[in-house]
Amino acid sequence: MVKHQPLQVYERQLCLSCLTGIYGCRWKRYQRSHDDSSKWECSWFFLLCCSFLLLLVWSYFWLEARNDYNEFNWLLYNRSAVWKDGTVPILATTLTGFTYTAFLMILALCHIALGQQLNLYWIHKIVVLAILLTTITGVVSIDDFWQDEWDIVIISLQFTGPFLHIGALAVVTALGWVIAGQVVRLERSSELKVIVLVVLYLVPLFISSPCIMDRSKLGPRPAVIGRRGAPMLAPEHTIMSFSKALQQKVTALEADVTISLDGVPFLMRDRTLRRTTNVDKLFPSRQDHDASFFNWTEIRSLNAGLWFLRDDPYWTVQYMSEKDRNRTANQTVCSLAELLRLAARTNRSVMWTPDWYRKKVRAAVPLLKQTSDEKLPVAELKERGISTLTLHYSQARAQDIRQFSGSNVSVNVYPVNEPWLYSLMWCSGVQSVSSDAPHILKKVPNPIWIMSAEEYGLIWITSDLISVALVIGIFIFQKWKMSGMRSYNPEQIMLSAVVRRPSRDVNLMKEKLIFSEINNGVGSTDELSAYTGNGLGVYARDDIMTPVRHATKL
């Protein structure tokens, strides 16, 4: 009589099942494979990497473009004549797509680290392809519609460059575990890994930031100018908006001036009155007419605050008190004379930028601070009697700022709404900034970060040395680990390590090994010997099984 016991005892691998199940819908043990991925699946992994990297750049762009969200919405309004916050759907889809592709990237890297075959599920393939095409469409659209905003990426890299470098170094060092495993397992060279690391180690040689400087050379805190008042706290170009700006200790006020039909200067940014007044209610047939086609009596009858409560352009209405909401609902269009009286009463300056009628304006209203938005030579600026140059932040390079400052020409930069951009302009040496958010910049008493070249050099060399040590340690450990696996005994033989068979035969074999019971009267011994005779091993590479010896009794 022969007494049999079960041939295999399987270890549950829930984590591995989840990895292969979510990524490739391969939930069962016999569906997994350690064979090399096909070229088709490798091409899909390449598309996944492209989608992830493109979305990473796209997300970074919109993160830094927060300084100009209102400018983006204003451009949309000028095209569609309907005010809407176009950043909300863009940010929502970008966050969703980036989270999705990042999750798939992590699963794919885990597959590679564990030696699993890359088989992306067809639903994932469709979604990844859709995300890639959508992101490319978005990039092309922004390049056509808002091309100048790409400058924010270059400028932000001056501020975030040192930290992005350290982050990239940490990511590549962590990926060394996956790459080292592949290099050792497949006995391939790692020239690409070495090249990438060497490039990252030398990146700081090309990083130049105004905030890498001696603290003793840091200039005074730039003055903050209320751009259209404080439009995040109250409707732009209203007395309430300018009053809110003065409460935030701004040094000057900036506004856009339009002339009414009867010659009264008033404050309005748009060509029409449609966006910031209720002209569609009082003069519905004239709502698309130019603002200068209305006389002052008609303009003064319009409400200039209800739109702010309705559209909430800066997402700040929810933080307003009930008193401020009631006051906002009763605002009217502000004239230039009212603004000048408010500035004179509070001892503040008002900026005048256009070149037309500059001499007459200087003679009639000396309170106006004469500025220019043209990047002219210093001699020409002095000839025109201009002592302040107003530049967009994309034009405010550190070397130009130093040149103008050395010639007693102060530089004002607009629009500066984010603390990081304010810190960068501070380190660059600008004298003032025009801001929609003086209440935010008021809370920035010092640059967010500043370090000397010696300090940054020490951080750079230290991080490089740590990375080198970790990468070398990872390669040594992976080589030791793989060499230990090669010295296996017969009980560690893998099913797919002996000979390759068609996937259908291998799957049938795995099913038989999983579900057969030798002691239930079924002749599994014959089946097993038949498969063994065909050259197949007993154990699957991705599911290590522990055999139990047969007990024989005569």
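The values are calculated or read from the model by the stated rules, or taken from the named source; none is laboratory data. None of the values given here were measured: they were computed from a predicted structure. Here the Cβ is made from the backbone with ideal geometry for all residues, glycine too, and neighbour counts use every protein chain on show. The accessibility values were calculated without ligands, DNA or RNA, using every heavy atom of the protein model including side chains. Shrake-Rupley method; radii C 1.70, N 1.55, O 1.52, S 1.80 Å.
Brief remarks on what is shown
- Per-region count, segment 269-281, residues open to solvent by 50 Å² or more (accessible area, probe 1.4 Å) and either in contact with a helix residue (DSSP H, G or I) (Cβ under 9 Å, 6 or more places away or on another chain) or small (Gly, Ala, Ser) (or both): 2
- LYS375 vs. criteria touching a residue at least 60 places away in the same chain (Cβ under 8 Å) and open to solvent by 20 Å² or more (accessible area, probe 1.4 Å): no
- Residue selected from segment 380-397 under the condition of a type in the set (Gly, Ala, Ser) and modelled with pLDDT under 85, by the criterion least open to solvent (accessible area, probe 1.4 Å): GLY385
- Top-ranked residue of segment 233-268 - restricted to ones that are open to solvent by 10 Å² or more (accessible area, probe 1.4 Å) and among the small types (Gly, Ala, Ser), ranked as farthest from ASN417 (Cα to Cα): GLY263
- Long-range neighbours under 6 Å by Cβ, at least six apart or interchain, first residue of a type outside the set (Asp, Glu) within segment 456-476, second not in a helix (DSSP H, G or I): TYR456/ILE212
- Scanning segment 297-321 for residues that are small (Gly, Ala, Ser), touching a strand residue (DSSP E or B) at 6+ places or on another chain (Cβ under 9 Å) and open to solvent by 40 Å² or more (accessible area, probe 1.4 Å) yields one hit, SER301.
- Residues of segment 235-269 that turn out to be touching a Ser or Thr at 6+ places or on another chain (Cβ under 7 Å) and over 19 Å from LEU340 (Cβ atoms), as a count: 2
- Scan of segment 79-99 for residues that are open to solvent by 60 Å² or more (accessible area, probe 1.4 Å) and either part of a helix (DSSP H, G or I) or touching a residue at least 60 places away in the same chain (Cβ under 8 Å) (or both), ordered by number: ARG79, VAL88, PRO89, THR93, LEU95, THR96, THR99
- Checking PHE294 against (1) modelled with pLDDT under 95; (2) open to solvent by less than 50 Å² (accessible area, probe 1.4 Å), the condition it does not meet: (1)
- A residue that is farther than 15 Å from ILE142 by Cα and open to solvent by less than 30 Å² (accessible area, probe 1.4 Å) occurs nowhere in segment 55-66.
- Tallying residues that are assigned to a loop (DSSP other than H, G, I, E, B) and either basic (Lys, Arg) or closer than 20 Å to ARG228 by Cα (or both) within segment 348-363 yields 4.
- Among all residues of segment 303-315, there is at least one that is among the acidic types (Asp, Glu) and over 28 Å from PHE404 (Cβ atoms).
- Scanning segment 303-339 for residues that are among the aromatic types (Phe, Trp, Tyr) and either more than 13 Å from GLY229 (Cβ to Cβ) or assigned to a helix (DSSP H, G or I) (or both) gives TRP307, PHE308, TRP315, TYR319.
- Among the residues of segment 22-45, the one identified as open to solvent by 60 Å² or more (accessible area, probe 1.4 Å), of a type outside the set (D, E, K, R) and either modelled with pLDDT of 95 or more or part of a loop (DSSP other than H, G, I, E, B) (or both) is TRP27.
- For segment 364-413, a residue qualifies if it is of a type in the set (Gly, Ala, Ser) and part of a strand (DSSP E or B), and the qualifying residues are SER372, SER410.
- Test: residue in segment 322-339 that is open to solvent by less than 20 Å² (accessible area, probe 1.4 Å), within 28 Å of ASN412 (Cβ to Cβ) and touching an Asp or Glu at 6+ places or on another chain (Cβ under 9 Å): no
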